[in-house]
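Asks: Here you go, one structure.
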Amino acid sequence: MSVALGDGVTLILGGARSGKSALAERLAEASGLAPVYLATGRAFDAEMEARIGEHRERRGKGWRTVEVPLDLVAAIGREAEPEHVVLVDCLTLWLTNLMMEGRPVAAECQALADHLAARLPGPVILVSNEVGLGIVPENAMARDFRDHAGRLHQAVAAVAAKVIFVAAGLPMKLKG
Amino acid sequence: MSVALGDGVTLILGGARSGKSALAERLAEASGLAPVYLATGRAFDAEMEARIGEHRERRGKGWRTVEVPLDLVAAIGREAEPEHVVLVDCLTLWLTNLMMEGRPVAAECQALADHLAARLPGPVILVSNEVGLGIVPENAMARDFRDHAGRLHQAVAAVAAKVIFVAAGLPMKLKG
Amino acid sequence: MSVALGDGVTLILGGARSGKSALAERLAEASGLAPVYLATGRAFDAEMEARIGEHRERRGKGWRTVEVPLDLVAAIGREAEPEHVVLVDCLTLWLTNLMMEGRPVAAECQALADHLAARLPGPVILVSNEVGLGIVPENAMARDFRDHAGRLHQAVAAVAAKVIFVAAGLPMKLKG
């Protein structure tokens, strides 16, 4: 399947190390627009720091990176422009941050979906981890997280022009 | 992808909060038949009670609900009729109940698949959680559960007219 | 979807008890070539022994089985021939063995992908578990394993002629 970036919102879902970020970056770079990376991950330990460094290296120099652990809607509002392609990587880390800070997760997710549903001035790609296809976690917070993630993916997919599922680096079109 | 309910058996697989029950309900309601909900979940704690209440509210008044924690084959036998559409939600909770009660799980799953393979007098939709795409669980009972679920999905899919995988609320056709 | 074995490398991904090995065996048997089974699993406990026995019984007498817990590249080198179809079952158990033996996992995975990328004299089918679609594991070794598996799947998929995802015994074509 060949994939091109459309106007509006593109959601890229996939598992751990499925190649979803790399696909998102290729789509952004192929658009010819100025790529802006909204990084939701925080380097709270060495493992996370290594992942962030690896992603940053792969993206190369053309990208502008903005760290957005929490206020994602405002950042998309600032950065989405006709000459920009905005890449949000990733929604699941943003959710983690919201939960750790005690933010009203459901309301913030709804606000994001509402913002994305309005006509944006430039293309936005959102990357997220599908986390709901394993055994029910024993940990209540993990179950909560997985519920929020599932609902968020449904809400974003409903307003997205394009939804792609990635496995083994290969895209499957779910929508658009 | 647009999806319509066919005759015979439809299996809807998906992750947690993937929108699989909502899709199943829409298909049932669009059929114009009288919808019967076979609920396998038991409200053994507040979390489960909240989920059941949420599903019940979404379904609205047109539905007749029958609680079927264990004797699913008999219930499908009673309820499947030309004027009914039967929705079983969900197989994974039924499996959980069988295991907790010490029932002969493999034999009961085979009996369900055999019953579904026979020509039923009306359409039956079965919803289930795909649980086999995460890391191997450390807990032996969870590994067992996941093996039973995988085998049950294969057996039901083999006799189903239609199999749909749902991610982020979006259907992918696996069969039919 | 109907599936046939192509020349070159076929990767079959799926969850636990998804029917991926059975599909691989059917493809191999339908090829008319002499089937060689490269078994990476080691019977280190009764549960594993039962799984191995079950697979062996299903395959029947036409198969030659070679146990290859670690040196997979050499075994593929020896067994791939125009009159053979080689089935590797499965990559995730091979990864587990590499990790347990302290082998340089990333280098060995790269060597496998490089070997598969070279023109092989006969068809090779590789089966593997998708493990990255659940909640992030709490255990660091499980996270490591899942990262290695994801990267290995991407590398093998990139050089494969055909990639198939199996759910509930049903194939979805990802490539080829």
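Asks: When you go through B:Arg146, B:Arg103, B:Arg78, B:Arg58 one by one, which is the residue that is among the charged types (D, E, K, R) and touching an Asp or Glu at 6+ places or on another chain (Cβ under 9 Å)?
Replies: None of the others qualify; the one that does is B:Arg58.
Asks: Next question. If A:Leu133 meets every condition in (1) assigned to a helix (DSSP H, G or I); (2) within 12 Å of another protein chain (Cβ to nearest Cβ); (3) out of contact with any Cys (no Cβ under 8 Å at 6 or more places or on another chain) apart from one, which number is that one?
Replies: Condition not satisfied by A:Leu133: (1).
Asks: Would you check if there is a residue in the range A:9-27 being of a type outside the set (Phe, Trp, Tyr), within 14 Å of chain C (Cβ to nearest Cβ) and in contact with a Phe, Trp or Tyr (Cβ under 7 Å, 6 or more places away or on another chain)?
Replies: yes
Asks: Within the range B:73-95, identify whether any single residue is part of a loop (DSSP other than H, G, I, E, B), without any contact (Cβ under 8 Å) to a residue 40 or more places away in the chain and away from chain C (no Cβ under 11 Å), and answer yes or no.
Replies: Scanning the range B:73-95, I find no residue that is part of a loop (DSSP other than H, G, I, E, B), without any contact (Cβ under 8 Å) to a residue 40 or more places away in the chain and away from chain C (no Cβ under 11 Å), so the answer is no.
Asks: Taking only the range B:153-172 into account, find how many residues are facing chain C (nearest Cβ under 9 Å) and either of a type in the set (D, E, K, R) or in contact (Cβ under 8 Å) with a residue 40 or more places away in the chain (or both).
Replies: Going through the range B:153-172 one residue at a time, the tally reaches 9.
Asks: Right, another one. Give all pairs with beta carbons closer than 9 Å in which a residue from the range B:14-28 that is in a loop (DSSP other than H, G, I, E, B) meets a residue that is acidic (Asp, Glu) and surrounded by fewer than 23 Cβ atoms within 10 Å (Cβ to Cβ); count only pairs at least 6 apart in sequence or on separate chains.
Replies: B:Ala16/A:Asp147; B:Arg17/A:Asp147
Asks: Listed residues C:Leu116, C:Leu126; which is modelled with pLDDT of 95 or more, more than 12 Å from the chain's Cα centre (by Cα) and away from chain B (no Cβ under 14 Å)? Steps first, answer last, please.
Replies: Details: C:Leu126 fails: more than 12 Å from the chain's Cα centre (by Cα).
C:Leu116 is the lone residue from the list that is modelled with pLDDT of 95 or more, more than 12 Å from the chain's Cα centre (by Cα) and away from chain B (no Cβ under 14 Å).
Asks: Still on this model: Would it be correct to say that B:Glu138 is closer than 22 Å to A:Asn139 by Cβ and either modelled with pLDDT under 95 or more than 10 Å from every other protein chain (Cβ to nearest Cβ) (or both)?
Replies: Judged against the criteria, B:Glu138 is a match.
Asks: Please work out if B:Glu49 is more than 13 Å from chain A (Cβ to nearest Cβ), part of a helix (DSSP H, G or I) and out of contact with any Pro (no Cβ under 7 Å at 6 or more places or on another chain).
Replies: yes
The values are calculated or read from the model by the stated rules, or taken from the named source; none is laboratory data. Treat the numbers as computed from the prediction; the structure is a model and nothing was measured. Glycine also receives a Cβ, built like all others from the backbone with ideal geometry; neighbour counts cover every protein chain displayed.
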